[in-house]
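The structure under discussion appears below in the form of structure tokens.
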Amino acid sequence: MGYLNGQLGYRNELLATRSIVKKENWVLLEPDGLVKNAIPGYVNCDTTILGSPAMGASFADYIVTVHEGGKNDAIGGDGIETFLYVVDGSVSVKNADKEVVLVKGGYFYSPENLPLSFAHSGEGDAKLYLYRRRYDKLEGYAAYTVTGNEADLEWQEYEGMTNCYIRDFLPKDFGFDMNMHILKFHIGASHGYIETHVQQHGMYFLSGKGMYRLDDEWLPVQKGDYVFMDAYCPQACYAVGDEGIEEELTYIYSKDCNRDVAL
Ligand code: UGY
Ligand code: MN
């Protein structure tokens, strides 16, 4: 079953997809073709696993549609850190430290020793982007619960360019072994150079359209797509579209940080 479009049965067109999987290099997943994964603990939720170790990622990423009465009472803990971002709708979220109601743009980071739970709230379905990863401990430092709404985070000019901006979700603190960010490109904006770095990314496109360079290919991407980039995958993009009509290109992405190479 095509999960996000709910389409069943034959289609009029020839079978086709924009999804491409190059394990241990990069992966592009378009929404059409994603399936529901039955995962213990999720009640009244449609859950799709996007990034995972099966493609080379050190983390797992999910899109979760939370229906009325939907919940999960325990995600993470036991060495697994969790980051939850509300793409749409509303959920209540808590761990042993904090309890909040999050709306669109809301986020919650729960450290490796604290399982997190969420439950549907408000009207209509909620849509969550969820990240889990085994925490990389560092002697003398610890991560802690962080929550808020991205609308309250400052947009910073991105690497000296005046038409692209970044928001960082987690504090600059060696207690954190990863961070989540949102990048926003006005139409026509781009990265200043093709990045090549050791960190991996899982990336979910929130709005707009772009041409993304992944290794040695340029690929069209748009709202609803998911991209995984493995270590050292060359990467950059241009935001495209008709100014005034199209939305800016924005995506939320994870990046590991603050640790030396394990040898
Ligand atoms: O932070 C980053 O590495 C980010 N600029 N990468 C990316 O957008 N592909
Ligand atoms: Mn990057």
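The values are calculated or read from the model by the stated rules, or taken from the named source; none is laboratory data. Because the structure is a prediction, the values reported are computed rather than measured. Positions of Cβ are backbone-derived with ideal geometry, glycine not excepted, and every protein chain shown enters the neighbour counts.
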Scanning the range 1-41 residue by residue, those among the aromatic types (Phe, Trp, Tyr) and over 19 Å from the mean Cα position of the chain (by Cα) turn out to be Tyr10
Inspect the range 220-235 for any residue being closer than 23 Å to Tyr131 by Cβ, of a type outside the set (Val, Ile, Thr), loosely packed, with under 15 Cβ neighbours inside 10 Å and more than 17 Å from the chain's Cα centre (by Cα) and give the result as yes or no. yes
Within the range 47-64, considering residues that are of a type in the set (A, V, I, L, M, F, W, C) and assigned to a loop (DSSP other than H, G, I, E, B), the one farthest from the chain's Cα centre (by Cα): Ala57
Identify the residue in the range 194-215 that is within 11 Å of ligand 2 (Cβ to nearest atom) and part of a loop (DSSP other than H, G, I, E, B) and, among all such residues, is nearest to Val240 (Cα to Cα). Ile194
Return a yes/no flag: does the range 158-176 have any residue that is within 10 Å of ligand 1 (Cβ to nearest atom), touching a residue at least 40 places away in the same chain (Cβ under 8 Å), in a loop (DSSP other than H, G, I, E, B) and not aromatic (Phe, Trp, Tyr). no
Please specify each residue of the range 219-248 satisfying the condition of being within 16 Å of ligand 2 (Cβ to nearest atom), under 14 Å from Val27 (Cα atoms) and in a strand (DSSP E or B). Leu219, Val221, Tyr226, Val227, Phe228, Met229, Gln235
Is it the case, given these coordinates, that Ala142 is away from ligand 2 (no atom under 16 Å from the Cβ), buried (at least 18 other Cβ atoms within 10 Å of the Cβ), at pLDDT 95 or above and over 19 Å from the mean Cα position of the chain (by Cα)? no
Residue check, Tyr251 within 11 Å of ligand 1 (Cβ to nearest atom), in contact with an Asp or Glu (Cβ under 9 Å, 6 or more places away or on another chain) and in a loop (DSSP other than H, G, I, E, B): no
Quick one: Glu81 ticks every box in (1) crowded, with 18+ Cβ neighbours inside 10 Å; (2) more than 30 Å from Leu263 (Cα to Cα) except a single one, so which number is it? (2)
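Per-residue answers, yes or no, for (1) more than 26 Å from Arg167 (Cβ to Cβ); (2) among the hydroxyl-bearing types (Ser, Thr, Tyr):
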{"position": "Gly6", "(1), (2)": "yes, no"}
{"position": "Ser19", "(1), (2)": "yes, yes"}
{"position": "Asp46", "(1), (2)": "yes, no"}
{"position": "Pro53", "(1), (2)": "yes, no"}
{"position": "Ala60", "(1), (2)": "no, no"}
{"position": "Gly89", "(1), (2)": "no, no"}
{"position": "Lys98", "(1), (2)": "no, no"}
{"position": "Val103", "(1), (2)": "no, no"}
Can you name every residue in the range 41-69 that is of a type in the set (D, E, K, R) and within 26 Å of Ile20 (Cα to Cα)? Asp46, Asp61
